[in-house]
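Engineer: The structure that follows is given in the form of structure tokens.
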6 protein chains.
Amino acid sequence: MRILVANANTTAIITEACAAAAREAASLGTEIVAATPRFGAKTIGTRVENAIAAHALLECLAEHASGCDAAILAVSYDTALDAARQLLPIPVLGMTEAACYVACSVGTRFGLATFNQPSVYEEVVRGHGLSARFTGVHISGGAPTDVFSDPEGTADRILATCERCVADGAEAVVLGGAAMAGLAQQLQPRASVPLLDGIACATVLAEALVRLKLPRPQAGSLVAPRRETVGLAPPLAALLRGGA
Amino acid sequence: MRILVANANTTAIITEACAAAAREAASLGTEIVAATPRFGAKTIGTRVENAIAAHALLECLAEHASGCDAAILAVSYDTALDAARQLLPIPVLGMTEAACYVACSVGTRFGLATFNQPSVYEEVVRGHGLSARFTGVHISGGAPTDVFSDPEGTADRILATCERCVADGAEAVVLGGAAMAGLAQQLQPRASVPLLDGIACATVLAEALVRLKLPRPQAGSLVAPRRETVGLAPPLAALLRGGA
Amino acid sequence: MRILVANANTTAIITEACAAAAREAASLGTEIVAATPRFGAKTIGTRVENAIAAHALLECLAEHASGCDAAILAVSYDTALDAARQLLPIPVLGMTEAACYVACSVGTRFGLATFNQPSVYEEVVRGHGLSARFTGVHISGGAPTDVFSDPEGTADRILATCERCVADGAEAVVLGGAAMAGLAQQLQPRASVPLLDGIACATVLAEALVRLKLPRPQAGSLVAPRRETVGLAPPLAALLRGGA
Amino acid sequence: MRILVANANTTAIITEACAAAAREAASLGTEIVAATPRFGAKTIGTRVENAIAAHALLECLAEHASGCDAAILAVSYDTALDAARQLLPIPVLGMTEAACYVACSVGTRFGLATFNQPSVYEEVVRGHGLSARFTGVHISGGAPTDVFSDPEGTADRILATCERCVADGAEAVVLGGAAMAGLAQQLQPRASVPLLDGIACATVLAEALVRLKLPRPQAGSLVAPRRETVGLAPPLAALLRGGA
Amino acid sequence: MRILVANANTTAIITEACAAAAREAASLGTEIVAATPRFGAKTIGTRVENAIAAHALLECLAEHASGCDAAILAVSYDTALDAARQLLPIPVLGMTEAACYVACSVGTRFGLATFNQPSVYEEVVRGHGLSARFTGVHISGGAPTDVFSDPEGTADRILATCERCVADGAEAVVLGGAAMAGLAQQLQPRASVPLLDGIACATVLAEALVRLKLPRPQAGSLVAPRRETVGLAPPLAALLRGGA
Amino acid sequence: MRILVANANTTAIITEACAAAAREAASLGTEIVAATPRFGAKTIGTRVENAIAAHALLECLAEHASGCDAAILAVSYDTALDAARQLLPIPVLGMTEAACYVACSVGTRFGLATFNQPSVYEEVVRGHGLSARFTGVHISGGAPTDVFSDPEGTADRILATCERCVADGAEAVVLGGAAMAGLAQQLQPRASVPLLDGIACATVLAEALVRLKLPRPQAGSLVAPRRETVGLAPPLAALLRGGA
């Protein structure tokens, strides 16, 4: 089975880190391919970059999904997730969404720990309809790049942030942010509840979905588009015209 | 005062129709300028085109908003509304959002009548946090272009759709879709409750916001971005870098 | 255009302060007329006075609305708002409601700062169906009259209260209470997000609604009453009998 | 024990019918006293009359509650319920509220059957915070007075309306409206689930609350008022000043 | 009238304490009978014991309910409440449920104070559909047995816990836990809002329900079961077969 | 990897059908073992049997889970799911829960089709906190056993029931009921959206969870119990005492 890991940031090193995390979580025999979009912010942090990234990600998927059995969106805001599901004939998983479903499968309620921008993550989880299971976001402060510049201090701060979620009643904690890749596994021995890495969760769920061999919906809002467009990259324009 | 009416469809005739509706609703002394995006679907109907339109609309706003006092998004899905608010230093109003707030100001609950894609409109209204005031969507069937090919039959069907909202308890009905421009005024004498045209509502609310002279937020998720990007149109890249 | 500012407190000096705030926000050519009810509490603070004020306000509107194009309820609990909409053939706006809609138009979520009685304000905002956009109430302590006895100290405390809303994620803050009139404008330069004055917001929205020329609903719960009554003031009894 | 049944309609015959229903439900040794307000609509049907009735009911309670152990509001909109609880030192029960709590005690979900004005009843039940247990309102059409002019036909229509609630999943049905007094008992043998009469439920719950001997709250929004007023009836003004 | 107080813990001393509390709250002429289940945890504290207790409680009810007019579940998680209602032909009340309905009848919002396990109580109240009236749980720490080993210190801690609920806006506080029996009455003079004992509330509500003489539902999820079983105690198996 | 499929009905033929469905969905190398409880209803249909089945299922898990890597609850009400998670040191998945998470991964909203008892399924889905994604239950009428007595007619009716979900906006449909095993695959070619079989979904998700190697939570409501009990089967009593 081949799974596409598509970044929405334009920084290739993040793409590679996510692909590596996916490879580590994947079963034997699963091949991970990775792609970086052509335009957009180097790192997505706020609403504006995220809105632009939706287009970039769909263009990137249109170009690279052919030959893949499933796709993972390597962006913790689950950018353009429903649109990607409509666009492609294969299962698509968002990394935060996947971690949320796993969290619901191992705890009665879950929290999310990240660096900053709590309100956007709250919207992501609420957008997935999971508010009733969600204890909320806690932030560590600092920036995602601290993971590289001060790995130990950052790890300690993220662990403390996770435990603040536990104090709220969380029985599992989603780590929010592509820069977190690998941190869940590293911090797990010191944490009181399961810590969930989005890429790892998305990888095992993508494998599970591929095994279920579900068809594409022929009704509702995810039916493949049939639209004329102007100014789009040829592979994306082709998918929008209904060539799949 | 000058208000920018920015379309998210790439069909200029829709832009012009929306601009005309805005001119009709505007106060004396308000100038309406209009803009059409460079890329995307001729008409947005489903999730994929809408996700792409977010980028197109932000690019379009970045190019044309300079010198304007407010902007109206002439797309009934209120595409990229929060991102546009973050991007620009002026008030921004979505056409469906504006109609919803007006509906809440004249009735206890409101419905929405449109041609098709009810679930997307339900998400738009829910996304604005107005579910508690919302009786739901009714659809007329047919396509937005029927307004031009069969104006009378379409008007009758839309009116009947509005009255189905009334039967649900709606005391005001939002007309969903840029192709509806002008229809509210035409159907109002035959309707049992106020019918709300998004462009007209957005125009008078934009004027009201401009008069309030509110500053841009310096905290929260709408603070102006400061991000490095690649591959974006220069005016949009400049705004993302923090040049405003 | 002529707008009626109807108080629900029986203290004329509050009526005058609200009318002055409305005049400052109004467009050129808008005339503000003001009215104070005949009976009830000097200042409404709790449920009992507010329940009585509903009758007082409707009586006051029945007597003074004739010849006006819109009415504003100058009471921060939006007392009897739906009943007033049913009673009168013109647009009616509550001051807190108006500030909430403006808040939703400029921020993704909003808070409310006031002196005390937080639970009643929470009910007001929830009653408007806006909980999903609402970060909650913070109170400064003290009494509304502190605005007059200790203007500077009160202003500082209200500003700090607004910033507690911002810390909760509010991107706009509604000032709750008629005694706040003018405070929004005064504190705005020191605040990190837009501060919204109910009377100012209601004034510009009332002007907007008048321009939309919407008809009165002929279906639903706001249809004009036709009821026999005993013991009511003649203008109110006349409106209830169906004379409008 | 003595229970006050206070009407909010100004029609004495409704007061008497409600008092009779209360007497039938009451335990041996419970005395029922009844009161009709001085002003307002002969029968409350819409928002305007209901808003006025709040004042009328509070005035009526202030005059007649002295010497009583509990009060029942004989108006199916539970008019001014929280204000009455704040005003009086004794337990106060709304008739629809009481029926809802009993409904929740005998079924997992409940519906409400009434003559018309479904949206107002939905607001009443939602206002009590019971939406999660509520299957909604069904209306029979016709007017409350049909109970007297066409008792058999009306009974059949109400029964059919109750069974529509059952089809929605209701396992108990609240009869909404003072004119329903006695109907629950009459229709029960033909109904598939318990039918709940508001006055009967309020009577037995009032007795229960009196037996619990709970004190008046000294914190929160129901603390007794201490306000200066103008133009109110002396007993009401006295209670507002803090004389209890 | 005879009311069965059925424990779900297997500790007879708790059964006796609950029966005593019920006797104190009951009207003259009400007989209280008590029963302890045959198997399960000595004291229920977590999900596992509670899930097992459902069966134990139903078996206990099947054996002892005959000849009773109502049953009270003397377990603060309201274990198996809906199943017990389906099983028995008489009214059944949960102790926490009953306290919640009484709380809603005396305050606009209520909280719950208990020793520990806040999330389970939150699920109980949410399961009853009362979240909108609920300010949440506060815990005192310690164990239910502290009531016996350190009565004064425990009383002080519970009182402080109740006042934390009041600070959240609670206008009544439910005491959660069978070990609380009697504490409400003892602490009430020092508390600022009504404190509600589950057994006392369930007793007076059970009496009220018995007086209403409501029939058993013949539709919906509470219709008496008709099922073949294996391995159950004979009285329970008989009720499941439809012998009632 | 070895997965335990534990039935909650006492009919061994259902256990075998579920185990067969699990074997068909499982990856190469996954061993499925099955277990039937010692007591309870032959088929669970209503609340009473389900409440009893919680104990039966926990006893069954305690006896058979040793040596397994994960457990699946082969009962469509997801009976005792959280308790089972607390009891066992391995991942536990409910069959309906698993289908719901898969549904959320392939469609924006989902429905559930079953034979009868819609309100119980609504509670199951709401209990998992997924109401916002749920279009509701449709029932085919008839009994689960019709699958065996009239396979073709039943298949047609279930398909029509699924399409009623689609008409509500469902983009995936969960088949509710152990008797549905195999039906999803059979009906899929004729259905317009993905149909989800609980056992198949639970099997692939269980494999995914095992691969993630998450630890047991050391905080919150799922911490392993440590309780003294009476009258329980020895393996269950041992787990409750804390022997794991």
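The values are calculated or read from the model by the stated rules, or taken from the named source; none is laboratory data. Model, not experiment: these values are computed from the prediction. So basically every Cβ, Gly included, is an ideal-geometry build from the backbone, and we count neighbours across all protein chains shown. Each accessible area value is taken on the protein alone, full model and side chains, heavy atoms only, with ligands, DNA and RNA left out. Shrake-Rupley method; radii C 1.70, N 1.55, O 1.52, S 1.80 Å.
Engineer: For the stretch A:1-132, would you read off the P(r) tail past 20 Å as a percentage of all alpha carbon pairs?
Structural biologist: The proportion of pairs with Cα distances above 20 Å equals 44 percent.
Engineer: If each Cα of chain C is one equal point scatterer, what is log10 of I(q)/I(0) from the Debye formula at q = 0.07, 0.12, 0.13 Å⁻¹?
Structural biologist: -0.22, -0.64, -0.75
Engineer: What list of ³J(HN,Hα) values in whole Hz, one per residue of the stretch E:118-123 in order, does the Karplus curve 6.51 cos²θ - 1.76 cosθ + 1.60 (θ = phi - 60°) give from phi, with Gly and Pro shown as x?
Structural biologist: So the J values, rounded to whole Hz, are x, 5, 5, 5, 4, 5.
Engineer: Rg/Rh for the stretch A:26-77 to two decimals, with Rh computed the Kirkwood way over all alpha-carbon pairs.
Structural biologist: Here Rg/Rh amounts to 1.02.
Engineer: I would also like to ask the following. Tell me, what is the 1.4 Å probe accessible area of E:Phe148, in Å² to the nearest 10?
Structural biologist: Rounded to the nearest 10, that gives 150 Å².
Engineer: How many partner chain Cβ atoms sit within 10 Å of a residue's Cβ in peptide D:94-106, on average, as a whole number?
Structural biologist: Mean shielding by partner chains, rounded to a whole number: 5.
Engineer: No solvent, one uniform scatterer per C-alpha: report log10 I(q)/I(0) for the stretch C:72-185 via the Debye equation at q = 0.20 1/Å, two decimals.
Structural biologist: Each listed q corresponds, in turn, to -1.05.
Engineer: Here's something else I'd like to know. Can you tell me the Rg and Dmax of the stretch B:109-244, counting just the alpha carbons, in angstroms?
Structural biologist: According to the Cα coordinates of the stretch B:109-244, Rg and Dmax are 18.9, 54 Å.
Engineer: Among the aspartates and glutamates, which have Cα under 13 Å from the Cα of F:Lys213 when same-chain residues fewer than 8 positions away are ignored?
Structural biologist: A:Glu24, A:Asp197, F:Asp69
Engineer: Also: Rounded to a whole number, what % of the accessible area of the stretch E:185-244 do carbon and sulfur atoms account for, probe 1.4 Å?
Structural biologist: Carbon and sulfur together cover 53 percent of it.
Engineer: If you don't mind, there's one more thing I want to ask. Would you kindly work out, in nm and rounded to one decimal, the distances from the label point of F:Glu31 to those of the same position in each other copy, ordered shortest first, with label points 7 Å along Cα-to-Cβ?
Structural biologist: 3.3, 6.0, 8.1, 8.1, 9.3
Engineer: Expressed as a rounded percentage, what relative contact order does chain A have, with Cα pairs under 8 Å and six or more residues apart?
Structural biologist: 22 percent
Engineer: Here is a follow-up. In nm, give the distance between the simple-model label positions of E:Gln186 and E:Gln218, each being 7 Å from the Cα along the Cα-to-Cβ direction.
Structural biologist: Label at E:Gln186, label at E:Gln218, 5.0 nm between them.
Engineer: Also, I was wondering about something else. Work out the length of the dipole vector of chain E about its Cα centre, built from +1 on the beta-carbon of each Lys and Arg and -1 on the beta-carbon of each Asp and Glu, and round it to the nearest 20 debye.
Structural biologist: Dipole magnitude for chain E comes out near 720 debye.
Engineer: How many percent of DSSP beta bridges within the protein assembly as shown run antiparallel, rounded to 5?
Structural biologist: 10 percent
Engineer: Tell me, what ³J(HN,Hα) does each residue in the stretch F:152-168 have, in order and in whole Hz, if you take phi through Karplus 6.51 cos²θ - 1.76 cosθ + 1.60 with θ = phi - 60° and put x for Gly and Pro?
Structural biologist: 5, x, 5, 4, 4, 5, 5, 4, 4, 5, 4, 5, 5, 4, 4, 5, 7
Engineer: Would you mind listing the distances between the A:Glu228 label point and the same position in each other copy? Use 7 Å along Cα-to-C-beta, nm, one decimal, shortest first.
Structural biologist: 4.2, 6.7, 6.7, 7.5, 8.2
Engineer: Further question on the same structure: Give me the distance in nm between label points sitting 7 Å out from Cα along the Cα-to-Cβ direction at B:Ser66 and C:Glu152, one decimal.
Structural biologist: For B:Ser66 paired with C:Glu152, the spin-label model returns 4.5 nm.
Engineer: Write down the accessible area per residue of the protein assembly as shown in Å², having rolled a 1.4 Å probe over the full set of protein chains.
Structural biologist: 32 Å²
Engineer: Still on this structure: Could you state the angle between the C-alpha long axis of helix F:198-212 and the longest principal axis of the C-alpha atoms of chain F, as a value from 0 to 90 degrees rounded to the nearest 10?
Structural biologist: The helix F:198-212 is inclined about 50 degrees to chain F.
Engineer: Now for a separate question. Show me, for the stretch F:217-223, the HN-Hα J-couplings you get by feeding each phi into the Karplus relation (A = 6.51, B = -1.76, C = 1.60, θ = phi - 60°), rounded to Hz, glycine and proline as x.
Structural biologist: x, 9, 9, x, 7, 9, 4
Engineer: Which value in deg cm²/dmol, rounded to the nearest 500, describes the helix-derived mean residue ellipticity at 222 nm for chain C, given -39,500 (n - 2.57) per DSSP H run of n ≥ 4 and division by the residue count?
Structural biologist: Calculated from helices alone, the mean residue ellipticity at 222 nm is -13500 deg cm²/dmol.
Engineer: Report, by chain and number, residues whose modeled amide H sits under 5 Å from the one on D:Asp78, excluding near sequence neighbours (fewer than 5 apart, same chain).
Structural biologist: D:Met95, D:Thr96
Engineer: Give the Rg (one decimal place) followed by the Dmax (whole number) of the protein assembly as shown, computed from C-alpha coordinates and expressed in Å.
Structural biologist: Using the Cα atoms of the protein assembly as shown, the pair Rg, Dmax is 31.5, 86 Å.
Engineer: Oh, and also: State the Cα centre-to-centre distance between the stretch E:185-244 and the stretch B:120-145 in whole Å.
Structural biologist: 43 Å
Engineer: Short version: which residues of the stretch F:205-223 lose at least 50 Å² of accessible area, all chains versus chain alone, 1.4 Å probe?
Structural biologist: For the stretch F:205-223, once contacts with the other chains are taken into account, F:Arg211, F:Leu212, F:Leu214, F:Pro215, F:Ala219, F:Ser221 lose 50 Å² or more.
Engineer: To one decimal in nm, how far is A:Pro151 from the same spot in the other copies, if labels go 7 Å from Cα toward Cβ? Please give the shortest first.
Structural biologist: 5.8, 6.1, 6.1, 7.0, 8.7
Engineer: In the stretch C:186-201, what residues drop by 40 Å² or more of accessible area when the other protein chains are put back, versus the chain on its own? Use 1.4 Å, and skip ligands and nucleic acids.
Structural biologist: Output list: C:Ser192, C:Pro194.
Engineer: Arranged from highest to lowest average of other beta-carbon atoms within 10 Å per residue, in what order do the peptides B:194-202, D:22-30 appear?
Structural biologist: The peptides rank, most packed first, as B:194-202, D:22-30.
Engineer: To the nearest Å, what is the center-to-center distance of the stretch C:64-97 and the stretch E:36-79, using C-alpha atoms only?
Structural biologist: Using only Cα atoms to place each centre, the spacing works out to 55 Å.
Engineer: Now a separate question. Once F and E are treated as a pair rather than alone, how much accessible area drops out, both sides summed, in Å² to 100, probe 1.4 Å?
Structural biologist: 2700 Å²
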